[in-house]
1. With the requirement that a residue be touching a Lys or Arg at 6+ places or on another chain (Cβ under 6 Å) and open to solvent by 10 Å² or more (accessible area, probe 1.4 Å), what does the stretch 17-31 give you?
2. Taking into account only those residues within the stretch 71-98 that are charged (D, E, K, R) and outside any strand (DSSP E or B), which is surrounded by the fewest Cβ atoms within 10 Å (Cβ to Cβ)?
3. Condition first: at pLDDT below 95 and touching a strand residue (DSSP E or B) at 6+ places or on another chain (Cβ under 8 Å). Can you find one or more residues in the stretch 68-88 that meet it?
4. For the stretch 199-233, which positions are out of contact with any Pro (no Cβ under 9 Å at 6 or more places or on another chain), of a type in the set (Gly, Ala, Ser) and outside any loop (DSSP other than H, G, I, E, B)?
5. Would you confirm whether any residue within the stretch 191-201 is in contact with a Gly (Cβ under 8 Å, 6 or more places away or on another chain) and either under 20 Å from PHE66 (Cβ atoms) or surrounded by fewer than 18 Cβ atoms within 10 Å (Cβ to Cβ) (or both)?
6. Taking the stretch 300-335 as the region of interest, how many residues are within 12 Å of the chain's Cα centre (by Cα) and surrounded by 21 or more Cβ atoms within 10 Å (Cβ to Cβ)?
7. Take the residues in the stretch 182-222 that are within 14 Å of ASP293 (Cβ to Cβ) and among the basic types (Lys, Arg); name whichever of them is modelled with the lowest pLDDT.
8. Do any strands (runs of 3 or more DSSP E) entirely within the stretch 234-299 hold 1 or more residues that are open to solvent by 40 Å² or more (accessible area, probe 1.4 Å), and if so, which?
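The values are calculated or read from the model by the stated rules, or taken from the named source; none is laboratory data. Everything numeric in this text was worked out from a predicted model, so none of it was measured. Cβ sites come from the backbone with ideal geometry, for glycine too, and all protein chains shown count toward neighbours. Keep in mind that these areas ignore ligands, DNA and RNA; they rest on the heavy atoms of the full protein, side chains included. Shrake-Rupley method; radii C 1.70, N 1.55, O 1.52, S 1.80 Å.
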Amino acid sequence: MRIESMLTRQTGTGLPLCIFRLKNSSGAYVELTNWGARWLAAAVPDATGRLENVLLRPSRLWEDNFYMGAVVGRFANRIALAQFTLDGTIYHLEKNDGENSNHGGWSGFHQKLWNWSEQKDGVTFTVFSPGGEGGYPGNVQVTVTYRWNERNELRIDYRGRTDRTTYLNLTNHAYFNLSGKGEKITRHILRIPSHTILDTTKDFIPTCLRTDVYGTPFDFTEGKAIGKDLYTDHIQLRRNKGYNHCYILKSVPSDTITEAACLLDPDTGRTLTVETDLPSVLLYTAGYYFRPDTAVCLETLYYPDTPSHPDFPSCIIRPGQEYRQTTIYRFGIRE
């Protein structure tokens, strides 16, 4: 494994902007940056051995409004009305999505320059969020470690601690297009081993309902082309400009790593398998980026709007506890 520093640039903040390339012996590599602890690129082979980048990346790092490859937090996805009650206290968050808070608000982790340290097989990024930032209680210290190996697997380990009871829900917001050429992802075959999604309002806030996907455009249990039902005249697809839905993987938190999704581009033969110990995966086909067939996000996370739903798996952390989550992205070739 070789780690290369691709770019170092002073930012005026006292912390430089850095880009790292993790390359294995086959030449396949990923690129990372400490701005938002972003995953910028994944150059992996197709069936002929050709290496191409299969992630969308911002054309200018400082102007990314779509969280491309970023670690988002303190809370991934939305919190209704930008507020929650915890231990009897109401906390008011930043409203950056209408009346709601999304991906940590204006003060989200995606906007921060993180500290870093190189590991034998990867890079660890660290960020400190002071109590009150974005409206959240507690000083929070978060570390995110990316590891790349000879099997073309990227492992992301999330860790967090707090000095006061708070919520923490982290994910990576990578946009995948396995064609490597920016072609439509409508022919990509997707499988998600979940029979249930969260029903949402027009503002993408979960209702109290869980919906069985059988017989609906949201059924990916057997695997199908993303484009098969993408343009179906369904109210949920119209509201979301495509898929933007949370699939339930487990109803009770556990540290067992299970399959969250499998993606195949039949034209290049590239595959991506996502595994996680998190309880859900959010399928997003980038409808608010450009069009609903540009890329696909597979965000592993706790359910959106967890603070508003006592029956959802809890992502509360308290002093003395550690937030620990892992997601693995495995690239391969169709057999």
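1. Hits for the stretch 17-31 are LYS23, TYR29, GLU31.
2. Among those that are charged (D, E, K, R) and outside any strand (DSSP E or B), it is ASP87.
3. Scanning the stretch 68-88 turns up no residue that is at pLDDT below 95 and touching a strand residue (DSSP E or B) at 6+ places or on another chain (Cβ under 8 Å).
4. Across the stretch 199-233, the qualifying residue is only GLY227.
5. Yes: the stretch 191-201 contains one or more residues that are in contact with a Gly (Cβ under 8 Å, 6 or more places away or on another chain) and either under 20 Å from PHE66 (Cβ atoms) or surrounded by fewer than 18 Cβ atoms within 10 Å (Cβ to Cβ) (or both).
6. Selection size over the stretch 300-335: 5.
7. Checking each candidate, the answer is LYS184.
8. Here the list reads 258-264, 270-276.
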